[in-house]
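The values are calculated or read from the model by the stated rules, or taken from the named source; none is laboratory data. Because the structure is predicted, anything quoted here is derived from the model rather than measured. Please note: Cβ atoms are built from the backbone with ideal geometry, for glycine as well, and neighbour counts cover all protein chains shown.
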């Protein structure tokens, strides 16, 4: 009986590790800060909407509570909620609740350490505009860590495009600070917010073009999502404008023009990336791969 259970466990592990989407060698995750799903229908975002029309999408994905930044960027990359990873505030530098588990890289396991430990030869990159991302990533598990700082979103996107074309990482994470800045300074659902989304869309277009220029379009999946939305000049509350985020996936093996009806929580993002690459997820993760988006 003991031997039979061992065989069953090994078989289950083999199935999980073979759950890789065929032909996919790269994933690019674009995270847009403060991008509420409510804004997508009325926004002039041809690049984003083309990704939706030729891919799978949901405008009812949800962030974790509170609907703030650090706790949600952590959840997105760490495949779990705040009660597991412990980052609970908008600008958490360290977990306010002790993480339930810590990797050899010093923090709760993220998609970066999952890739590094199971695909040690794979290249990864993290390019981010907001300094608050830095405490949430396992820098020693990432090949290229590039903070944008005061240089802003255009620097981050241009740098990411160059990295994709020259290095062709297995996984590239790109964080941009807009439209959150306009949301705070002028307000959500304002003409200025929708104008800023046009700039966000142009940046998304640059990344899509970089993938094409790199010659890896047919073996890449591009994902676009957000940490939270917003209402008036803020976020952190319980309204759907704050909680609902876009979740868009496009590329090899992805259904076309398909609205995903399954429930999506932001920590499902990391789980989906791990599943795409056929990687075993940490026991401490709570995310589930969004398989409804795939053929």
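Brief remarks follow.
- Any hit, segment 152-167, residues being modelled with pLDDT of 95 or more, in contact with a helix residue (DSSP H, G or I) (Cβ under 6 Å, 6 or more places away or on another chain), part of a strand (DSSP E or B) and within 24 Å of residue 25 (Cβ to Cβ): no
- Applying the set (1) part of a strand (DSSP E or B); (2) touching a helix residue (DSSP H, G or I) at 6+ places or on another chain (Cβ under 6 Å) to residue 288 leaves exactly one unmet item: (1).
- For segment 226-243, a residue qualifies if it is surrounded by fewer than 24 Cβ atoms within 10 Å (Cβ to Cβ) and part of a strand (DSSP E or B), and the qualifying residues are 231, 234.
- Residues that are at pLDDT 95 or above, farther than 28 Å from residue 159 by Cα and in a helix (DSSP H, G or I) are absent from segment 13-25 altogether.
- Hits in segment 126-160 (condition: under 19 Å from residue 205 (Cβ atoms) and within 17 Å of the chain's Cα centre (by Cα)): 127, 129, 153, 156, 157, 160
- Residue list for segment 119-137, filter: within 21 Å of residue 236 (Cβ to Cβ) and in a loop (DSSP other than H, G, I, E, B): 129, 130
- Test: residue in segment 244-253 that is touching a strand residue (DSSP E or B) at 6+ places or on another chain (Cβ under 7 Å), assigned to a loop (DSSP other than H, G, I, E, B) and under 22 Å from residue 74 (Cα atoms): no
- For residue 237, the stated conditions hold: it is touching a residue at least 40 places away in the same chain (Cβ under 8 Å), touching a strand residue (DSSP E or B) at 6+ places or on another chain (Cβ under 8 Å) and over 30 Å from residue 166 (Cα atoms).
- The residues on offer are 52, 45, and the sole one that is out of contact with any strand residue (DSSP E or B) (no Cβ under 9 Å at 6 or more places or on another chain), touching a residue at least 40 places away in the same chain (Cβ under 8 Å) and within 26 Å of residue 231 (Cα to Cα) is 45.
- Given (1) over 15 Å from the mean Cα position of the chain (by Cα); (2) within 30 Å of residue 185 (Cβ to Cβ), index of the condition residue 226 fails: (1)
- Within segment 119-153, the set of residues being free of Cβ contacts under 8 Å to residues at least 40 places away in the same chain, closer than 20 Å to residue 285 by Cα and buried (at least 18 other Cβ atoms within 10 Å of the Cβ) comprises 138, 141, 142.
- Residue 189 vs. criteria touching a residue at least 12 places away in the same chain (Cβ under 8 Å) and on the phi > 0 side of the Ramachandran plot: yes
- Residues located in segment 241-254, provided they are over 14 Å from residue 24 (Cα atoms) and touching a helix residue (DSSP H, G or I) at 6+ places or on another chain (Cβ under 6 Å): 241, 244, 245, 246, 248
- When each of 221, 204 is tested for being surrounded by 15 or more Cβ atoms within 10 Å (Cβ to Cβ), modelled with pLDDT of 95 or more, part of a helix (DSSP H, G or I) and touching a strand residue (DSSP E or B) at 6+ places or on another chain (Cβ under 8 Å), the lone residue that passes is 204.
- Subset of segment 168-183 (residues that are in a helix (DSSP H, G or I), under 17 Å from the mean Cα position of the chain (by Cα) and farther than 20 Å from residue 74 by Cα): none
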